[in-house]
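One structure is given here, and the rest of the page talks about it.
The values are calculated or read from the model by the stated rules, or taken from the named source; none is laboratory data. This structure is a prediction, so every number in the text was calculated from the model and none was measured. Note: ideal-geometry Cβ built from the backbone for every residue, glycine included; neighbour counts use all protein chains shown. Remember, those area values only see protein heavy atoms, side chains included, never the ligands or the DNA or RNA. Shrake-Rupley method; radii C 1.70, N 1.55, O 1.52, S 1.80 Å.
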Amino acid sequence: MNKIVVTAIAAGTLALGAASASAKDWKTVRIASEGAYAPFNMVDPQGNLAGFEVDLARALCDEMKVKCVLVKQDWDGMIPGLLAKKYDAIMASMSVTEERKQKVDFSQPYYQTPARFVARKGANLTISAEGLKGKVIGVQRETIHDRFVTDNFGKVAEIKRYGSAEDARLDLVAGRIDLTIDDSAVLDDGFLNKPEGKDFEFTGPSFDDEKWFGVGTGVALRKEDKDLKAMFDKAIDAVLANGTYKKIMSKYFDFDISKKKNQS
């Protein structure tokens, strides 16, 4: 009987210890961003990460009362790096999709903007299977835009995939592709409103079907970090309510990109 009691107490102690070990005291949060998706995330002349998501990340860390460490990470390695614990969260315009939710968890969405195609002015392209037959579409690989064009136009058009959205736009200017698709805000601010985009324009409608584009952009997190997800959700609500989000947004956009707005 004594042995049984001792064993039970020992087992309970071990369980308690395991629970304590699994609870993390978040004093520092490492947040990865790409730095190649202006105005959401980019690299400034000093080589530092900057942009809407970077400013928002710092504001969220302030709300959570944690030290914010920003990590630059190429897009292709984003989720693998998170799962390998190279950082704790991703804020890199990653849309919340069912496919990604198989691997990672997400905070509530913090922005949502539609996708659009861009082509040379006067190209008169029709965004349909017939209209894009034989055309070359450039897209950043392993993105929602990649999946959308592959599913809808992969059988009729040539899809060229790039490591970054910027590389796709460079080939568009050089005439190596006929059109590209990306977030409309990124294309507007990062391309059409710049000298290199003066000969190009949006073509066709906006696209936001949840099947391909998800339900907005959220903070990606490891599934086991439920406490950190709760912290981000609470912090997003706080910056939306206290005006911090609007102040940051106004630095980069003259229209409302917030998910809350799109839900109203």
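Numbers below:
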| quantity | calculated |
| --- | --- |
| Only Lys, Arg (+1) and Asp, Glu (-1) charged, at Cβ; the chain dipole about Cα centre in debye | 700 debye |
| Principal-axis tilt of helix 52-64 within the chain, Cα atoms, nearest 10 degrees | 20 degrees |
| Computed [θ] at 222 nm, helices only, for the chain once each DSSP H run of length n ≥ 4 contributes -39500 (n - 2.57) | -11000 deg cm²/dmol |
| Inter-probe distance in nm under a simple model that places probes 7 Å from Cα toward Cβ, at Glu224 and Lys246 | 4.1 nm |
| Tilt relative to the chain, helix 226-242 - C-alpha long axis, 0 to 90 degrees, to 10 | 60 degrees |
| Reach of Lys160 by Cα under 19 Å, taken over lysines that are not fewer than 8 positions away in the same chain | Lys133, Lys135 |
| Probe 1.4 Å, accessible area per residue of segment 19-122, Å² | 44 Å² |
| For segment 194-204, Karplus couplings with θ = phi - 60° (6.51, -1.76, 1.60), whole Hz, Gly/Pro x | 10, x, 5, x, 5, 9, 10, 7, 5, 9, x |
| Dipole magnitude of segment 60-216, debye to nearest 20 (Cβ charges: Lys/Arg +1, Asp/Glu -1, about Cα centre) | 320 debye |
| Accessible surface of Thr113 - all protein chains present, 1.4 Å probe, nearest 10 Å² | 30 Å² |
| In nm, spacing of pseudo-spin labels at Gln102 and Lys85 (7 Å Cα→C-beta vector) | 2.5 nm |
| Apportionment of accessible area to carbon and sulfur, the chain, percent (1.4 Å) | 52 percent |
| Read-out Cα Rg over 2.2 N^0.38 Å, derived from the coordinates shown; its label in (i) 1.19; (ii) 1.31; (iii) 1.14 | (i) |
| Of Pro205, Ile236, Ile257, farthest towards positive along the dipole that unit charges on Lys, Arg, Asp, Glu beta carbons give segment 192-264 | Ile236 |
